[in-house]
Amino acid sequence: MSTSLATVALVGALGMSSNAMAATPSQARAATVASAETANVDASARKCVKALKWYSANNNRYVRVKNSCSHRVCFKVDVPSSRDPKFTAQARKTKNHRYIGGLWFQGRKIYQVGC
């Protein structure tokens with residue numbers, strides 16, 4: 001009796017694993033397409049917003065940012081051990097943004113986020 005139950009359980013497990021493996025290629029293709037689209041968005045965002053200069057003045061930290069695209073872009077400044085402040089760069093403008101007080105770490109990079 002227990003042998004037949006073990007056989008049924010084994011056959012059921014094999015059947016479930018083959019069903020799971022059958023769904024995996026389509027899910028993998030969908031994940032690949034989604035990651036490629038995300039990479040394209042990130043690449044276009046890096047082309048739009050560029051950090052030109054990082055500097056300190058009047059006990060504050062600043063970053064000079066240039067937006068070369070024809071639309072408004074929102075971005076954050078990556079600051080170690082602090083919440084990343086969010087800013088907006090107007091279309092085809094260069095502007096200085098104060099992102100943190102001077103006693104904190106300097107920002108490492110900027111990255112685009114949704115507005």
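Every read-out reported here was derived from the displayed coordinates using simple, explicitly stated rules and does not represent laboratory data. Model, not experiment: these values are computed from the prediction. Every residue, glycine among them, receives a Cβ derived from its backbone with ideal geometry; neighbour counts consider all protein chains shown.
Worth a mention:
- Nitroxide proxy distance, nm - points 7 Å out along Cα→Cβ at Lys47 and Cys115: 1.9
- Spin-label model, Arg72 to Arg108: label points 7 Å out along the Cα-to-beta-carbon direction sit 2.9 nm apart.
- Site pair Lys95 and Ser56 shows an inter-label distance of 2.6 nm when each label is modelled 7 Å from Cα along Cα→Cβ.
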